[in-house]
Amino acid sequence: MSTSPVPTSVEREKLYQWVQNLLSPEHREEALVELSKKREQVPDLAPLLWHSFGTISALLQEIIAIYPLITPPQLTATQSNSVCNALALLQCVASHPDTRSYFLQANIPLFLYPFLHTTSKQRQFEYLRLTSLGVVGALVKPDDKEVIQFLLNTEIIPLLLRIMEHGSELSKTVATFILQKILLDDHGLSYICYTFERFKSVTSVLQSMVDCLQREPSGRLLKHVVRCYLRLSENPRAKEALNRNLMPNQLKDGSIIQMVKADDNSTRRWIQMLQRNLSNAPKTAPQF
């Protein structure tokens, strides 16, 4: 397993200078570029950013500054690149175990939600949505219950569903991954299956994605969609509803297997498990 090279004392001095330069509007853009390049190479970059005076505020200023350019869409590619570098540094903070909890307590993910609300198909907006999703994806990756609880108290589910339905393939994939991680948490599964309306809003989008995948196949996206269905089938009321009429025919009859890559054994296994779960449903299953 490769490890990141340890920065020399000279490189550390450069690093400290770039962090300090984030506070200067004249030097911030260059500092954002250089620090975003280093985020994979400096293991303690997240704590350094979080505990440096004014740094997180400077990153949030960079984000808030483009809110007026969202509606109507006026964002330029240069502006999008700059704010995405700021988001990349926030992703670094979100993914680090020593700073993740602080990141949530400060409600920083909420500053990204206006970007997830955007619908423009222009490349700079797609890049902005995708990078924002990357921050949320970094939060959910480690299976942290605090993260799931935080997200469920926000409007993240409808935002994810809209991107899953209308985004680019890559944005759909990241958004579906985040939904999958929410479902894999027991509280997340209970939340989505608490009312029929919540459950139906999720399965309607998943159904439309299966239909779309038949026209435009994507192995990565299919894997996450199947995993979401498998997890839903582990809830008794959701299982009964899926068995009734909310399961895509492609999953019912197994024809979806033709869309799975030959070497993708995990997705094939999940499809088999899903069909087995549904066939084992009791006759007196609980209903919504």
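Throughout, read-outs are computed from the coordinates displayed, never taken from laboratory work. Since the structure is predicted, the reported quantities are computational estimates derived from the model, not experimental observations. Neighbour counts are summed over all protein chains in view; Cβ atoms, including those assigned to glycine, are modelled from backbone coordinates with ideal geometry.
When only Cα pairs below 8 angstrom with a gap of at least 6 residues are kept, the range 1-128 shows a relative contact order of 25 percent. For the range 110-209, the relative contact order works out to 26 percent when only alpha carbon pairs closer than 8 Å and six or more residues apart are counted. The distance between label points at VAL10 and ASN249 comes to 6.8 nm (points 7 Å beyond Cα on the Cα→Cβ vector).
Can you tell me, using C-alpha contacts under 8 Å and at least 6 residues apart, the relative contact order of the chain as a whole percent? Don't jump to the answer; show the numbers that get you there.
Values: 300 pairs, mean separation 34.2, N = 288.
Relative contact order, the chain: 12 percent.
Based solely on its DSSP helices, what 222 nm [θ] is calculated for the chain when runs of n ≥ 4 H residues each add -39,500 (n - 2.57) and the sum is averaged over all residues, nearest 500 deg cm²/dmol?
On the way: 17 runs with 189 residues, N = 288.
Taken over the chain, the calculation gives -20000 deg cm²/dmol.
Quick one: pull the percentage of alpha-carbon pairs in the chain with a separation above 26 Å.
Numbers: 20460 of 41328 pairs.
So the pairs more than 26 Å apart make up 50 percent of the total in the chain.
Once you've got the GNM for the chain with C-alpha springs shorter than 10 Å, pick whichever of THR119, THR76, THR173 has the biggest mean-square fluctuation. Result: THR76 has the largest fluctuation of those listed.
Just tell me the longest site-free run in the chain, where the sites are trypsin sites (Lys or Arg not before Pro) in a DSSP loop having at most 16 other beta-carbon atoms within 10 Å. Counting at most 16 other Cβ atoms within 10 Å as exposed, the longest clean stretch of the chain is 122-260. Its Cα gyration tensor gives the range 141-288 an equivalent ellipsoid, and the semi-axes of that ellipsoid, as √(5λ) in whole Å with the largest first, are 21, 20, 14.
Quick one: grab the alpha carbon gyration tensor of the range 107-170, order the square roots of its eigenvalues as a ≥ b ≥ c, and give me rounded if a/c is under 1.5, else prolate or oblate depending on whether a/b is larger than b/c. Before the final figure, lay out each step's value.
Numbers: a/c = 1.90, a/b = 1.83, b/c = 1.04.
Taking the square roots of the gyration eigenvalues as a ≥ b ≥ c, the range 107-170 is prolate.
Taking Cα atoms only, the orientation of helix 123-140 departs from the longest principal axis of the chain by about 80 degrees. Taking the longest Cα principal axis of the chain as reference, the axis of helix 77-95 is set at about 80 degrees. Out of all Cα-Cα pairs in the range 14-104, roughly what percent, to the nearest whole number, are more than 22 Å apart? More than 22 Å apart: 24 percent of the Cα pairs in the range 14-104.
Dipole size in debye (nearest 20) for the chain around its Cα centre, Lys and Arg Cβ +1, Asp and Glu Cβ -1?
Numbers: 31 positive and 27 negative charges, 229 e Å.
Dipole about the Cα centre, nearest 20: 1100 debye.
Sum up the lysine pairs in the chain that clear both bars: alpha-carbon distance under 17 Å and a spacing of 8 or more or different chains. Total qualifying Lys-Lys pairs in the chain comes to 15. On the beta carbon distance between GLN149 and HIS51, with R0 = 25 Å, the FRET formula returns roughly 0.50.
So if R0 is 35 Å, what FRET efficiency would GLU40 and ARG268 give, r being the distance between their Cβ atoms, rounded to the nearest 0.05?
About 0.60, to the nearest 0.05.
Helix 28-38 and the long axis of the chain differ in direction by around 60°, with both axes built from C-alpha atoms.
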